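Here's the structure, in structure tokens; my notes come after.
The values are calculated or read from the model by the stated rules, or taken from the named source; none is laboratory data. Note that this is a predicted model, so its numbers are computed, not measured. Virtual Cβ from ideal backbone geometry, glycine too; neighbours counted across all protein chains shown.
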Amino acid sequence: MKKSEGFVGKLWSFFTSLKLTIFLLFILAVTSISGTLIMQRANPQQYVKAYGAAGYRIIKVLGLYDVYHSWWFLLLLAFLALNLMICSIERFPRAWRFVKEPLRWPSREVLEEMKPLERFNVALSLDETLDKIQGALKGKGYRCEKKLDERLGRLFAQRGVINRLGVYVTHTSVLIILIGGLIGGIWGFSGGMTIVEGESSRNVTIFGSHKVVTLPFDVRCDSFQVTYYPGTMTPKDYRSTVTILENGKPVVTKDVRVNHPLKYKGISFYQASYGTISNREGLLTLEVIPQNGEDEPFRVQVKVGGEVPLKDGYKLRLVAFFPDLVLGKNNQPMNRSEELRNPAALLEVEKDWSPQYRSWVFAFFPEVHSVRNAPFRFRYLSFEGLQYTGLQVSKDPGVWVVWAGCILMLVGLTVCFFISHRRVWVIVEDRGRRRQVLVVGNVNRNHAAFSQHFEELIKEMRGALGVSQ
């Protein structure tokens, strides 16, 4: 395309520059690495804990908490898309001429400057020579055109001309992928929802923000199950039985497991996490061991915040329960998670409405924090709390556009790298008793392979014409 002078011409030249393409791809690669190294769409507290307050401010200002949706990353993609479009517009007309207006009948002088080239003489007639050469070319997959004068015959043959368009198919596929990503970024979302067993919700909290998306239907957690590796509290498998409710009526029920999502109306629900609500309707089972040497051990069950009678006028109250106890700042007890990884309970023994003592009970360390000379010792047996399931919820209406772009990219790359545009020109000149044959080949890539192919082609022609090798 002929560029105009002045600012428009300079701007056009800037966007058609290969250096710009390389620069944009390099910057996108570097920023994509940052998106891999830095946590994406996490809570602000997690960033402060990992990078400090100053680091979090930098991450927030630069949008590094969600690199692939940041304004500057989208701007880079827009520049790359514009660069690809303008480069394609600039170079496509020349490639299209190879398809619609190929160089069919160049002069002998032009052909004799090209390589590879082969000459030989035959005794057959002009028509018969052209027909046999044409047959040999068609046998190799060439499409042929013939031009015959009184004493001169010509053939033009080519195959793989689609290779000239492969790069533009690839460029188009990249643009389609970018459009699909844009559709997903604008009309899609990715977040999480926490549902207590037996309850329902329709609110999805978007990752990395406090924005809430309300679904057009309810999601109910009918039940939750988790199995552990023998002798450990390490989860082996966990699943949620989830029901979709439309206007209060169940329409779909499915077990959701890791890598086995529930999909409904373009929205996918993945099993992401789980936990136990330790401060709500949880039931702790303990073994009570009297220290008087007379009474037998017995079991009690107590709810969080509740109390149960023991013996001799004593009562037991469950002050607090920690499913995954760790010590925080100033050695204050806190939960690392809501999973039963290190269960512990804080108990208080009362008598006559007066607290007598407090004692910690640990699932894995039964002897720790036992109070000496106390009338009772306690041993942790189990805790049955309200289970909740954590679901990752995502909607990406552009995913099929992206897949279409990926398939088109595979087609374009296949055409670019596994097909070459091969052309063959043949001139047969009648010189009385003999006909002189000139064969010239040309290829746009992979010249070494074409040289071997050209030699095989000449052998085919000589064999068909009865000419010695």
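Remarks
- Residue check for residue 331: assigned by TED's automatic domain parsing to the domain that holds residue 288, more than 23 Å from residue 275 (Cα to Cα), within 49 Å of the chain's Cα centre (by Cα) and polar (S, T, N, Q): yes
- Inside the stretch 125-162, residues that are part of a strand (DSSP E or B), of a type in the set (Gly, Ala, Ser) and over 15 Å from residue 439 (Cβ atoms) make up a count of 0.
- Of all the residues in the stretch 421-438, those that are more than 16 Å from residue 107 (Cβ to Cβ) and buried (at least 18 other Cβ atoms within 10 Å of the Cβ) number 5.
- Of the residues making up the stretch 363-412, those that are out of contact with any Leu (no Cβ under 9 Å at 6 or more places or on another chain) and among the small types (Gly, Ala, Ser) are 370, 374, 390, 394, 404.
- When we screen 173, 201 for residues that are surrounded by fewer than 20 Cβ atoms within 10 Å (Cβ to Cβ) and touching a residue at least 12 places away in the same chain (Cβ under 8 Å), the only hit is 201.
- Verdict on residue 293 being on the phi > 0 side of the Ramachandran plot and exposed (fewer than 12 other Cβ atoms within 10 Å of the Cβ): yes
- Identification of strands (runs of 3 or more DSSP E) wholly contained in the stretch 235-323 with 3 or more residues that are touching a residue at least 40 places away in the same chain (Cβ under 8 Å), farther than 25 Å from residue 353 by Cα and more than 25 Å from the chain's Cα centre (by Cα) yields 235-246, 267-277.
- Scanning the stretch 64-95 for residues that are surrounded by 15 or more Cβ atoms within 10 Å (Cβ to Cβ) and of a type in the set (Gly, Ala, Ser) yields 70, 81, 88, 95.
- Across the stretch 176-191, the number of residues qualifying as in contact (Cβ under 8 Å) with a residue 12 or more places away in the chain and either part of a helix (DSSP H, G or I) or more than 18 Å from the chain's Cα centre (by Cα) (or both) comes to 11.
- Scanning the stretch 129-144 for residues that are loosely packed, with under 14 Cβ neighbours inside 10 Å and among the charged types (D, E, K, R) yields 138, 143.
- When 437, 401 are checked against the criterion of being outside any helix (DSSP H, G or I) and either over 22 Å from residue 141 (Cβ atoms) or over 46 Å from the mean Cα position of the chain (by Cα) (or both), 437 stands alone in meeting it.
- Residue in the stretch 49-66 that is outside the structural domain of residue 205 (by TED's automatic domain parsing) and under 16 Å from the mean Cα position of the chain (by Cα) present: yes
- Each residue in the stretch 117-147 was checked for being of a type outside the set (A, V, I, L, M), under 56 Å from the mean Cα position of the chain (by Cα) and farther than 14 Å from residue 459 by Cα, and 9 pass.
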